[in-house]
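Enquirer: Next up is a structure, given as structure tokens.
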Amino acid sequence: MKALETAGVKDSEIEPVVLAPADARAAFERGAVQAWAIWDPFQAAAEGTIKARELANAEGLVPNYQFYLASRKALDERGKAFDVVLAQLREVDDWAKSDIKAVAAQLSPAIGLPTDILEVALKRQSYGIKPIDNAVIADQQKLADVFFGLGLLPKPIKVSDAVRSGS
């Protein structure tokens with residue numbers, strides 16, 4: 001929505017359709033939708049196989065974060081175990097960043113995408129596991145407020161309520 005706003009397109013000028021990635025790609029390929037907002041590796045696959053082209057991305061428009069999620073109960077009961085898991089994930093993240101070809105080769109059979117397409121997606125991936133700080137919470141709160149304003153969330157949410165203390 002921010003990209004459309006930046007391009008001067010009003011939300012009243014579009015008809016958003018929410019589809020799963022495979023359904024969205026099929027709709028895009030058959031011309032049932034004129035544009036498609038998607039993420040990697042689906043974007044890399046579309047670029048590599050149907051020659052889709054990127055019109056815009058979120059760089060400079062909105063921050064892009066990825067999160068590891070757990071239930072409060074699991075964190076309360078096994079918080080120390082999650083700390084160990086995060087430490088291991090940091091090691092895997094460091095390896096992945098340094099050997100994209102090996103990561104693509106390892107993931108290809110499980111994901112069902114060719115290694116060359118996965119390499120494109122992995123090169124665009126951000127790396128580094130960091131704690132959730134006040135800036136991240138504020139960014140996510142802005143996004144949640146926009147989603148509520150667009151009717152994509154049924155009620156307002158307070159992002160800080162979902163964050164593990166000391167994350």
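Enquirer: Among the listed pairs Lys101/Lys123; Lys97/Lys130; Lys73/Lys158; Lys10/Lys142; Lys10/Lys158; Lys2/Lys97, which are separated by more than 21 Å between their Cα atoms? Before the final figure, lay out the partial values.
Expert: Working: Lys101/Lys123 10 Å; Lys97/Lys130 15 Å; Lys73/Lys158 19 Å; Lys10/Lys142 19 Å; Lys10/Lys158 27 Å; Lys2/Lys97 29 Å.
Check vs 21 Å cut-off fails for Lys10/Lys158; Lys2/Lys97.
Enquirer: Aspartates and glutamates near Lys51 by alpha-carbon distance under 20 Å, same-chain residues fewer than 8 away left out - which ones?
Expert: Reachable aspartates and glutamates: Asp23, Glu29, Asp40, Asp116, Glu119.
Enquirer: Just in region 1-90: which GluC sites (Glu not before Pro) are loop by DSSP and have at most 16 other Cβ atoms within 10 Å?
Expert: Listed in order of number, the matching sites are Glu54, Glu59.
Enquirer: Next question. Run down the aspartates and glutamates and flag those whose C-alpha is under 14 Å from the C-alpha of Lys155, throwing out any fewer than 8 positions away in its chain.
Expert: Of all the aspartates and glutamates, those that pass the test against Lys155 - Cα under 14 Å, at least 8 places apart if same chain - are Asp145.
Enquirer: Here is a further query. Which chymotrypsin sites (Phe, Trp or Tyr not before Pro) does region 25-116 hold that lie in a coil by DSSP with at most 14 other beta carbons within 10 Å? Don't skip to the end; give the middle numbers.
Expert: Details: sites: Phe28, Trp36, Trp39, Phe42, Tyr65, Phe67, Tyr68, Phe82, Trp95; in loops: Trp36, Trp39, Tyr65, Phe67, Tyr68.
Answer by residue number: Trp39, Tyr65, Phe67, Tyr68.
Enquirer: Name all residues of region 6-32 having a backbone nitrogen under 19 Å from the label point set 7 Å from the Cα of Ile111 along its Cα→Cβ direction, giving them as ranges.
Expert: 20-26
Enquirer: A further question on this structure: Calculate for the chain the 222 nm mean residue ellipticity that helices alone would give, adding -39,500 (n - 2.57) per DSSP H run of length 4 or more and normalising by residue count, nearest 500 deg cm²/dmol. Could the numbers behind the result be given before it?
Expert: On the way: 7 runs with 87 residues, N = 167.
Counting only the DSSP helices, I get -16500 deg cm²/dmol.
Enquirer: So which trypsin sites (Lys or Arg not before Pro) in region 1-56 pass both tests, a DSSP loop state and at most 15 other Cβ atoms within 10 Å of the Cβ? Walk me through the numbers on the way to the answer.
Expert: Numbers: sites: Lys2, Lys10, Arg25, Arg30, Lys51, Arg53; in loops: Lys10, Arg30, Lys51, Arg53.
Loop-located and lightly packed - Lys10, Arg30, Lys51, Arg53.
Enquirer: Right, another one. For the chain, what class follows from the C-alpha gyration tensor (a ≥ b ≥ c being the square roots of its eigenvalues): rounded when a/c is under 1.5, otherwise prolate if a/b is larger than b/c, else oblate? Don't skip to the end; give the middle numbers.
Expert: Values: a/c = 2.06, a/b = 1.13, b/c = 1.82.
The shape class here is oblate.
Enquirer: Compute the FRET efficiency between Phe82 and Phe148 as 1/(1 + (r/R0)^6), taking r as their Cβ-Cβ distance and R0 = 25 Å, and round to the nearest 0.05.
Expert: The value I calculate is 0.30.
Enquirer: Let me ask something else. For labels at Ile14 and Ala56 in the simple 7 Å Cα→Cβ model, what's the distance in nm?
Expert: Placing both labels 7 Å beyond Cα along the Cβ direction yields 0.7 nm.
Throughout, read-outs are computed from the coordinates displayed, never taken from laboratory work. This structure is a prediction, so every number in the text was calculated from the model and none was measured. Reconstructed Cβ throughout: ideal geometry from the backbone, glycine too, with neighbour counts over all protein chains shown.
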